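Here the structure comes first, spelled out in structure tokens, and everything after it is commentary.
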Amino acid sequence: MCFWETFFSLVAMFRSLLLSQLAQILAVSPHLPVDPTTGIQGITTDTRTLQPGDLFVALRGVTV
């Protein structure tokens, strides 16, 4: 499975997560001024397409 196939299959899984659940999976403590019970509505790697409720994922070495 290529990177993008894996990435987009994870997108579907992340859309059903709350920020608090994602933080637990990643073993991090969220320090953002947001409600941890907020649901993830979408995922993007392009800041130009960010919408309210989206999770931004930075990809190392990728320039758009």
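The values are calculated or read from the model by the stated rules, or taken from the named source; none is laboratory data. What you are looking at is a predicted structure, and each value in this text was computed from that prediction instead of being measured. Please note: Cβ atoms are built from the backbone with ideal geometry, for glycine as well, and neighbour counts cover all protein chains shown.
Here are the numbers for this structure:
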item	result
Residue among ILE25, ILE43 that alone is modelled with pLDDT under 85 and either basic (Lys, Arg) or assigned to a helix (DSSP H, G or I) (or both)	ILE25
Candidates LEU50, LEU22, LEU55, filtered to the one that is within 14 Å of the chain's Cα centre (by Cα) and free of Cβ contacts under 8 Å to residues at least 24 places away in the same chain	LEU50
Enumeration of residues in segment 23-48 that are of a type in the set (S, T, N, Q) and either more than 18 Å from ARG60 (Cα to Cα) or surrounded by 12 or more Cβ atoms within 10 Å (Cβ to Cβ) (or both)	GLN24, SER29, THR37, THR38, GLN41, THR44, THR45
Selection status of SER20, of a type in the set (S, T, N, Q) and surrounded by fewer than 10 Cβ atoms within 10 Å (Cβ to Cβ)	no
Which listed residue, of THR45, THR49, THR6, THR37, is among the β-branched types (Val, Ile, Thr) and touching a Phe, Trp or Tyr at 6+ places or on another chain (Cβ under 8 Å)	THR45
Tabulated pairs, segment 1-14, first surrounded by 10 or more Cβ atoms within 10 Å (Cβ to Cβ), second at pLDDT 75 or above and not in a helix (DSSP H, G or I), C-beta under 7 angstrom, 6+ apart or interchain	VAL11/ILE43; PHE14/ILE40; PHE14/ILE43; PHE14/LEU55
